[in-house]
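Where a number appears in this text, it was derived from the coordinates with a stated rule and is not lab data. Keep in mind that what you see is a predicted model, and the values were worked out from it rather than measured. Cβ sites come from the backbone with ideal geometry, for glycine too, and all protein chains shown count toward neighbours.
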Amino acid sequence: MAAHRTTWVDLGPAGMASTRHLALAAGLLALCAIGVGILIHGGHLTIPRPQRAALTGARAAVHGELERLESVVPAGRTRDDGLWRAHLDLVEKELEHGHVDVAVRVWQDAYGAALASRSWESMIAVGDAFVAIGRASGSVGGARMNAREAYLTALIRARRDRSVDGVIRSAESFQKLGDRAVGEHCLHIAAQLAAGNEQAQQKVREIRQRWEAPQTVTGFW
């Protein structure tokens with residue numbers, strides 16, 4: 001798996017502690033994924049070989065990234081005990097009180113619990129929480145990279161679960177991050193999963209139509 005390159009925004013002396021904790025969280029995220037992946041390998045998020053050969057540009061890059069992550073995202077049956085929700089509730093409370101450093105430490109626990117839950121919902125939630133931490137600390141660039149990592153894990157898990165809703169939620173998260181290439185790839189996966197299900201196909205069409213309509217305000221930032 002390629003090394004993660006995260007750029008942190010200089011917050012000045014007052015924000016250095018928060019930035020250090022954000023960097024620690026980024027390293028923890030990558031190490032957790034790699035460590036668990038050594039032990040457990042799941043199904044593959046792949047495109048049939050003829051279609052794979054036809055991929056070019058951004059789509060090809062996204063597919064390659066997902067294939068690399070596939071081998072390090074824990075597989076197995078979902079075992080959601082809700083612990084990650086309790087941790088994220090505490091993250092929100094700490095941010096409300098301006099305790100960014102504490103929020104980052106609790107977020108690390110939330111991420112570990114979300115990874116263990118093997119659910120796509122938990123990874124969407126921890127990604128959103130890291131965005132909130134980034135806003136509070138002023139380090140939006142670093143938060144974006146780690147939120148993206150969580151959303152990629154959510155996408156892989158949703159694909160394994162054959163959850164059209166999960167893949168669409170992932171697509172919307174990438175769209176908010178401004179990562180249109182991954183968002184479009186998500187919709188491609190969702191369309192494949194929705195084959196034969198008119199209701200699911202309609203959901204995918206509605207998302208596409210909304211994205212193609214003029215937008216006045218987009219993104220997390």
Using alpha-carbon positions, what is the distance between the centroids of region 176-216 and region 63-87, in Å? 22
Modelling each spin label as a point 7 Å along the Cα-to-Cβ direction, I'd like the Glu206/Asp101 distance in nm, to one decimal. 4.6
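Pop the C-beta distance of Gln192 and Val140 into the FRET formula with R0 = 41 Å and round what comes out to the nearest 0.05.
0.80
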Working out 0.36 nm times the residue gap between Arg77 and Glu65, then minus their Cα-Cα distance, what length gain in nm do you get to one decimal? 2.0 nm
Of the listed peptides 85-92, 153-160, 124-131, what is their order by residue-averaged count of other C-beta atoms within 10 Å, with the highest listed first? 153-160, 124-131, 85-92
